[in-house]
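Encoded as structure tokens, the structure appears first; notes follow it.
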Amino acid sequence: MTDTEVLTSHLGTGLLIGILYISWLLRVLSRRMSEVTKMRAYYRGFDLGSALLIVATLSYILQCNAALAQHPTMVLNVEFTLIAFYLPLTLGVTVNLVSALIYWGWLFRRS
């Protein structure tokens, strides 16, 4: 990582926390909609998606701290990044997207 990337790397944490907040907000709204319409509890998918996003966020913070400390540990390996950051991030966002489309997909359908 270059010096600029190391200094600005912690700004990405705010983005990941923002995604977690949106996930929590959609969970709350979907739970309420599920109670009103007597739908099955598909909103629990947001819990799984949020757990995966938390893993990705913690992995990102760990990688940023390792880069700041300039220790070439296994945390900075490409394999670790793919398994601990990108895979949970992708799966978490996908699970949240599917859960949101189950509840809010009617907004996008044409009549």
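Summary of values
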read-out	value
Test result for Tyr42, closer than 27 Å to Ile102 by Cβ and either over 13 Å from the mean Cα position of the chain (by Cα) or among the basic types (Lys, Arg) (or both)	yes
Any hit, segment 31-42, residues being crowded, with 19+ Cβ neighbours inside 10 Å, among the hydroxyl-bearing types (Ser, Thr, Tyr) and assigned to a helix (DSSP H, G or I)	no
Pairs, first within 15 Å of Leu97 (Cα to Cα) in segment 10-34, second of a type in the set (Val, Ile, Thr) and surrounded by 13 or more Cβ atoms within 10 Å (Cβ to Cβ), C-beta under 9 Å, six or more apart	Ile19/Thr57; Ile19/Val93; Leu20/Ile54; Leu20/Thr57; Ser23/Val93; Ser30/Ile102
Count - residues of segment 72-85 that are assigned to a helix (DSSP H, G or I) and exposed (fewer than 13 other Cβ atoms within 10 Å of the Cβ)	5
Single match in Leu76, Leu89, Leu52, Leu62 (criterion: in contact with a Pro (Cβ under 7 Å, 6 or more places away or on another chain), of a type outside the set (D, E, K, R) and either touching a residue at least 12 places away in the same chain (Cβ under 8 Å) or under 24 Å from Phe108 (Cβ atoms) (or both))	Leu52
Filter pass, Ala69 being of a type in the set (Gly, Ala, Ser), more than 10 Å from the chain's Cα centre (by Cα) and exposed (fewer than 12 other Cβ atoms within 10 Å of the Cβ)	yes
Residues (out of contact with any Asp or Glu (no Cβ under 9 Å at 6 or more places or on another chain) and more than 10 Å from Leu16 (Cβ to Cβ)) located in segment 60-73	Leu62, Gln63, Cys64, Asn65, Ala66, Leu68, Ala69, Gln70, His71, Pro72, Thr73
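We did not get these values from a lab; they are worked out from the coordinates using the rules stated. All of these numbers come straight from a predicted model, not from anything done at the bench. FYI the Cβ positions are ideal-geometry reconstructions off the backbone, even for glycines, and counts take in every protein chain you see.
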